[in-house]
Each structure stands twice: as structure tokens, then as C-alpha cells.
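The values are calculated or read from the model by the stated rules, or taken from the named source; none is laboratory data. Everything numeric here is computed off the predicted structure, so don't read it as measured data. As a convention, Cβ positions derive from the backbone with ideal geometry for all residues, glycine included, and neighbour counts pool all protein chains shown.
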């Protein structure tokens, strides 16, 4: 989600306990994120938005007072073991797969 930052701009991205806050040049802060294993609906939920705001406000309390600008959802597919998949396509050896195996964030 993004909120309008009505305070001083952040000098750096904040990341803690699977929550991030990123300052954009537009004045917006991008905050996130939720992770729901085996959830395949890319639709924001009220519970998810509340969870994001709650976690982010522990890092930056003023977020609770900032107007929400936009909400979105996405999918973060991963391999079961979170290990990368590197190999050739079984039917066309000219195709090489280089897949990270992670869920979209590398801050583990």
C-alpha cells in the first residue's frame, strides 16, 4: 500500500520483521507486506491492510495518521524448499531456467 508522507522524508528504506517502508520521490511511502501461504487471490483485504499499517506504525508511529493513497495485492510464488531452480527445459535444451525460489523478498 502507499500513504502520503506528511512529515520529513525518510533518508533510507526501513525493514524489520517482514515489514518495509520505502520513501518515494513523490512524497508517498510504500509500505508492506503480508504473506499468506497457499493464497492465490491477488486482492487486498481489510485484514491485510490493517496488518500492514499495524506493523509499519510500530516502526514509524506517524503512519497511522497518513492518508492511504493506494492499495494493491500480488502473488509471490516460491519453490517448496525456497531453493533456486536452475536447469534446462526438458523438451527444448536451448531454454535455460534461472528461478530464485524465493517469495519476493530477500530479507530472510
Residues that are over 27 Å from residue 10 (Cα atoms): find the strands (runs of 3 or more DSSP E) completely inside the range 29-107 holding 2 or more of those. 85-88, 96-99
Residue 13 within 27 Å of residue 100 (Cα to Cα), surrounded by 13 or more Cβ atoms within 10 Å (Cβ to Cβ) and not assigned by TED's automatic domain parsing to the domain that holds residue 99: no
Mind listing just one residue for me: the one in the range 59-81 that is more than 25 Å from residue 43 (Cβ to Cβ) and under 19 Å from the mean Cα position of the chain (by Cα) and, of those, surrounded by the most Cβ atoms within 10 Å (Cβ to Cβ)? 60
